[in-house]
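Have a look at the structure below, then the notes.
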Number of protein chains: 2
Amino acid sequence: MSFRPSKYFPILEWGREYRRETLINDLIAAVIVTIMLIPQSLAYAMLAGLPPQVGLYASILPLVAYAVFGTSRTLAVGPVAILSLMTAAAAGKIAAQGSDAYIQAAVILALLSGAILFILGIFRMGFLANFLSHPVISGFITASGIIIAASQLKHILGIDAGGHNLFEILVELGRHIGETNIPTLIIGVASLAFLFSARKYLKPMLRGIGLSEKAATIATRTGPVFAVVASILAVALLRLDEDGVRILHDVPRNLPAIGLPAFDHDIWLQLLGSAALISLIGFVESVSVAQTLAAKRRQRVDPNQELIGLGAASMSAGISSGYPVTGGLARSAVNFDAGAETPAAGAFTAVGIALATLFLTPYLYFLPQAVLAATIIVAVLSLVDLKAIRQVWAYSRSDFAAMAATIIVTLFSGVELGVTIGVALSLFLHLYNTSRPHFALVGQVPGTHHFRNVNRHEVVTSDKVLTIRIDESLYFANARFLEDTVYCVLGNRPDLKHLILMCPAVNRIDASGLESLEAINQRLKEAGVTLHLSEVKGPVMDRLKRTHFLEELTGKVYLHQYEAIQDLDTDCARSAFEKSAPTTMPADSPCPSQKLAGLDPQR
Amino acid sequence: MSFRPSKYFPILEWGREYRRETLINDLIAAVIVTIMLIPQSLAYAMLAGLPPQVGLYASILPLVAYAVFGTSRTLAVGPVAILSLMTAAAAGKIAAQGSDAYIQAAVILALLSGAILFILGIFRMGFLANFLSHPVISGFITASGIIIAASQLKHILGIDAGGHNLFEILVELGRHIGETNIPTLIIGVASLAFLFSARKYLKPMLRGIGLSEKAATIATRTGPVFAVVASILAVALLRLDEDGVRILHDVPRNLPAIGLPAFDHDIWLQLLGSAALISLIGFVESVSVAQTLAAKRRQRVDPNQELIGLGAASMSAGISSGYPVTGGLARSAVNFDAGAETPAAGAFTAVGIALATLFLTPYLYFLPQAVLAATIIVAVLSLVDLKAIRQVWAYSRSDFAAMAATIIVTLFSGVELGVTIGVALSLFLHLYNTSRPHFALVGQVPGTHHFRNVNRHEVVTSDKVLTIRIDESLYFANARFLEDTVYCVLGNRPDLKHLILMCPAVNRIDASGLESLEAINQRLKEAGVTLHLSEVKGPVMDRLKRTHFLEELTGKVYLHQYEAIQDLDTDCARSAFEKSAPTTMPADSPCPSQKLAGLDPQR
């Protein structure tokens, strides 16, 4: 395989075709995204417990890095709500909010999570993200959204309150609610009301007065900017800060210093686990946004190259006093709707944010924190998806269990434990389910070559020939279960001469499965029963041919089940299977599978 | 379900049918096993770093407990080599060998591991043992056998040497080899030579002089007893102990005190992980021995009740100054061959060991440690199975990787880490393999109703209808992989009108898989391609019916693939598929599956 630089530097591909009209479209999108990003960056920095300028810093260099390495044409990277929450949780374990060590920890998290993503990308290990199931991700995002919204209520009320999980946050709010600052509350509630109704009613209204669909969407998305401007004017004119309304105050007017944080082996090691979780969650969030947008324009994103792009972005945040970043849904959607065509739009946005940092921040002096909190609340509540919980409950109890565990642990213990438990439980339940596979006794559908489950169809079976269809790959976790099942059947069928294991759904047989087949073959031989296989798949057969099993097998391997029955059942009396014969088995029969009722002719 | 006491107390079942001839057979077996167990119990206590009487104590009460609760008729429980090694590793983390705290730790390990087994049994969680794959167990036993044998060499040489892993043990032996005690070495080597040749030549010889197969087998197994007697006589008569031969000295002549060790929260917690591993390994070892023996007499063991029986046995060891026990291969085989018919034989053996503890130990005063070491070495080297390593290598690289990791980590780091890494790696590799499933493009075998992989068979396909057979259950780890595959195919087949996903091997679709199917359906709809499913299994279909997917599906669900083709391919020109058309795809095509060559008509 030849080395193509454009594979690792997608900029070389789209850069070649860059035209004047592309430039104009990208510039327009950049201006719109910049305006939207300024309050969002400040708000997410506040959520992460960091000084406001850190949010701006995280929206400059990372955008340039992603423009060079990323594969999505329209993804906008920067601070996002969930990574801000996770950063606060991780840095909070190292130092108190507001301390230099805390800020330092956030920078280290950006470097570490970026390096992890980058390395995974180099080794093409994007598949690791697949081990986060949809219900776990969905549950995690919903729970995080609820926690984030709850944590911002203190800013709406204008009180001091702590708490690391939902329970603590609510208790703290209850304890301090008497200290509520009325002017702050008015600003906060007004902002919330404006932002929620803007989401709901502004777009239809703007469409009503003649704006295009696209323009209306963009105007609605930039709603927070109006809230920001209006609230700054209100506070500045009425000097509400003197009445206790907390404001942004001075934001340092310089660009981020470039450099690496001090290397303290212990702290870096302590943050490594959190950084791994941040990188995983950030990657999953970003890739799903990127894929959704790419699909709309028939473009593709390469998950492994995305790891490199997002890794480069977070590492750039780390060397420029920022904190972990990833591709965000809201900003990417705005970028997309505003007509961005290439990642250059991201680079232009970075220039916009840099200019804003230098020249705009003095005008944000009077910006009330309550307005930032309101923008966060409105943004994260759109992530809460309670309908998904109901749907998963209806579809699969296993998936629901993993989702519920993720939500409950995230809400009441913390984000890191929540996602870890969710992933572990979903993996365990998957393994548990495949360790007790479905086996079906099958018979021939009269007059056809088809064989079906005796419990679901009217089929013909024989006393001398029994066919068990194995509905799972055979591997270590279920190999013994198959043995137990076969031995149980054997004990209940004294007349049996031939046992056929029908394998159309056996996609893989590992070494443990092979040993179980060998043991079954041996045991049946001693009992005078011949073992046959039918409909073994090509790749499975290839592998069995490398062993002695096929030589030791007492019976044959048939390509089709029909051939097997034709061959074996000639001298056997055939009898219609009694689908609902009365059961005479003891209630605690040793048969391991509850679904094997049909395997016992006495039932 | 009614409560049957005999289910939880198997003694009630076999006790009812207990007859005079059963009693005689059980008594004979008990005498033979007692004679064999005395040196073995002493030897394994030495291996565990415990005083000799602890080995005897662990062979009294646990046997009675297993007789009451166990389901195997012939399993003999007691100290075994691998659990002795694991006990030494775990207790060694708490205190130095020889200290009271070390002995105490061994007792706590017995209680904890017994309690874990008992609780797992109550909750019928025997399936957990299935997560230890055959190659991991086999590799672990082989590596443990090698370490144990190496650790006993110091006793053969009569030197002091430490070391916790193979590397350290060999280095220590090298450092101290100059201190070798010649009389000890002579005794050790003579014992080894005698025991190895007894294994190999004694049985044929005894058969030659007219003994029955059974008698010859038993006499061979009790070989260590002869070595013990001969070496005691030699040391006592020649007073070799005065020449530096280490002997057993006095063994306390009392029965074990019954009682619980002091409860120190920290130490119990520290030992919990080790106890869990000990219980798991002990259970797996014991159940496989019990099942092998039961199969020979057409009896059954119930794994969940075995958990209770082994749990009760280890807990009894814990309250009677013993250490973790389980069913051992060698002693169970002797018990079986000696004609034991019921667990009563175990209870009689317990009486025999108790009598030996009270009256026989003075005669063991001069027993050289080198002879005990020799019996251990001979016993464990029979566990080393290098052939299995070759076989697994030939059959499956994944299984081999897990096995090799288990062996290497066990040998060079330790037993606990070894088995943990082995289990984790085998689970990960299983998940990894199922996360990149095999997909096959299928076509119709001319003149039949069968559909086969285009890369393996000469089949007929169509330009307008494409069928992909999914050879794996759809779950979170491979859901995205399916999406990527379908989108890739879509990009390469501009004329496509219908896509059929053929699902005879899809045993399960979880919520993530469902979301991917929904996404595929939506995406194909936008591209003007209709999505169909065929040969969906009953249980999968039942579940899909609980969702809106079947309503949203643009196409149909066909019971048979043949029907689907009959229905969809009427107006489409059918073309024979070119099996080996030249490839014009770029080398780094975005198609995720290497095996999907056939999916692209240009190839």
Cβ-placed point charges (K, R +1; D, E -1), dipole of the stretch B:264-339 about Cα centre in debye, nearest 20:
500
Mean per-residue count of partner chain Cβ within 10 Å for A:499-507 equals 3
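Per DSSP H run of n ≥ 4, the term is -39500 (n - 2.57); total these for chain A, divide by its residue number, and report the mean residue ellipticity at 222 nm rounded to 500 deg cm²/dmol. Write out the running numbers ahead of the final one.
Working: 26 runs with 356 residues, N = 603.
Dividing the helical sum by the residues of chain A leaves -19000 deg cm²/dmol.
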Rounded to the nearest Å, what's the spacing between the alpha carbon centres of the stretch B:335-386 and the stretch A:235-283? Just the number, please.
68
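Please work out whether the stretch A:496-571 counts as rounded, prolate or oblate from its C-alpha gyration tensor, where a ≥ b ≥ c are the square roots of the eigenvalues and a/c under 1.5 means rounded, while otherwise a/b larger than b/c means prolate and anything else oblate? List each step's numbers first, then the result.
Working: a/c = 2.07, a/b = 1.20, b/c = 1.73.
Oblate, because a/c is 1.5 or more while a/b does not exceed b/c.
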Using amide H atoms built in the peptide plane, which far-off residues or other-chain residues are under 5 Å from B:I500 H to H?
B:L466, B:T467, B:I468, B:H532
Starting from the Cα of A:L269, step 7 Å along the direction of its Cβ; do the same at B:L12; then give the gap between the two resulting points in nm.
5.6
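Calculate the dipole size of the protein assembly as shown relative to its Cα centre from +1 charges on Lys and Arg beta carbons and -1 charges on Asp and Glu beta carbons; express the result in debye to the nearest 20. If you can, show how the numbers build up before the last one.
On the way: 94 positive and 92 negative charges, 364 e Å.
In debye, rounded to 20, the protein assembly as shown gives about 1760.
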Extending each Cα 7 Å along its Cβ direction at A:R397 and B:H560, get the distance between those two points in nm, one decimal.
3.6
Mind checking which of B:I500, B:F359, B:L425 is farthest towards the positive end of the protein assembly as shown's charge dipole, using Cβ charges of +1 (Lys, Arg) and -1 (Asp, Glu) about the Cα centre?
B:I500
Calc'd 3J(HN,Hα), the stretch A:537-552, phi into Karplus 6.51 cos²θ - 1.76 cosθ + 1.60 (θ = phi - 60°), Hz, glycine/Pro = x, comes to 6, x, x, 5, 5, 3, 6, 4, 5, 7, 10, 8, 4, 5, 6, 7
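Among bridges DSSP assigns within the protein assembly as shown, what percent are antiparallel (round to 5)?
On the way: 26 of 52 bridges.
Expressed as a percentage, antiparallel bridges in the protein assembly as shown total about 50.
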Expressed as a whole number of Å, what is the distance separating the alpha-carbon centroids of the stretch A:407-469 and the stretch B:525-546?
18
Suppose the chain between B:H176 and B:Y365 were pulled fully straight at 0.36 nm per residue; how much longer would it get relative to their current alpha carbon spacing?
65.4 nm
If the label for A:A276 sits 7 angstrom from Cα along the Cα-to-Cβ line, what are its distances to the same label in every other copy, in nm to one decimal, shortest first?
1.7
Could you tell me which of A:L42, A:G114, A:A90 has its Cα farthest along the dipole of chain A towards the positive end, charges placed at Cβ (Lys, Arg +1; Asp, Glu -1), taken about the Cα centre?
A:L42
Please find the FRET efficiency linking A:A236 to A:A424, where r is the Cβ-Cβ separation and R0 is fixed at 45 Å, and quote it to the nearest 0.05.
0.30
Are any of the pairs A:K556/B:K214; A:K387/B:K545; A:K497/B:K7; A:K154/A:K200; A:K154/A:K214 more than 27 Å apart by Cα-Cα distance, and if so, which?
A:K556/B:K214; A:K497/B:K7; A:K154/A:K214
Shape category assigned to chain A from the gyration tensor of Cα positions, a/c cut at 1.5:
prolate
Give the distance, in whole Å, between the Cα centre of the stretch B:55-88 and the Cα centre of the stretch A:76-114.
53
Three-way shape call for the stretch B:1-127 based on the alpha-carbon gyration tensor, with the a/c threshold at 1.5:
oblate
For B:R523, B:R239, ascending order of other Cβ atoms within 10 Å (fewest first) is B:R239, B:R523
Shortest first and in nm, the label-point separations between B:A193 and its counterparts in the other identical copies (7 Å out along Cα→Cβ) come to 10.2
To test your reading of the geometry: what angle, between 0 and 90 degrees and rounded to tens, separates the Cα axis of helix B:265-296 from the longest principal axis of chain B?
80
How high is the relative contact order of chain B, given as a whole-number percent (alpha carbon pairs under 8 Å, six or more residues apart)?
21
If you take the beta carbon distance between A:F167 and B:D243 as r and set R0 to 51 Å, what does 1/(1 + (r/R0)^6) give as a FRET efficiency, to the nearest 0.05?
0.10
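Provide A:F167, B:F283 in ascending order of the number of other Cβ atoms located within 10 Å of each residue's Cβ, fewest first.
Working: A:F167 13, B:F283 27.
With the sparsest Cβ surroundings first, the list reads A:F167, B:F283.
What's the exposure ranking of A:S534, A:S6, A:S144, B:S413, going from fewest to most Cβ atoms within 10 Å?
Details: A:S534 23, A:S6 12, A:S144 26, B:S413 15.
By the 10 Å Cβ count, ascending, the order reads A:S6, B:S413, A:S534, A:S144.
Quick check for me: using +1 on Lys/Arg Cβ and -1 on Asp/Glu Cβ, what's the dipole size of the stretch A:168-306 about its Cα centre, in debye to the nearest 20? Before the final figure, lay out the partial values.
Working: 14 positive and 13 negative charges, 239 e Å.
Here the size comes out at about 1140 debye.
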Distances in nm between the label point of A:R207 (7 Å along Cα→Cβ) and its equivalents in the other copies, shortest first, are 9.0
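Average partner chain C-beta neighbours within 10 Å, per residue of A:392-400? It would help to have the intermediate numbers written out before the result.
Values: counts 5, 1, 4, 10, 10, 0, 4, 7, 1.
Partner-chain Cβ atoms within 10 Å, mean over residues of A:392-400: 5.
Throughout, read-outs are computed from the coordinates displayed, never taken from laboratory work. This one's a predicted model, so the numbers in the text were calculated from it and none came from an experiment. All Cβ positions, glycine included, derive from the backbone under ideal geometry; neighbour counts span all protein chains shown.
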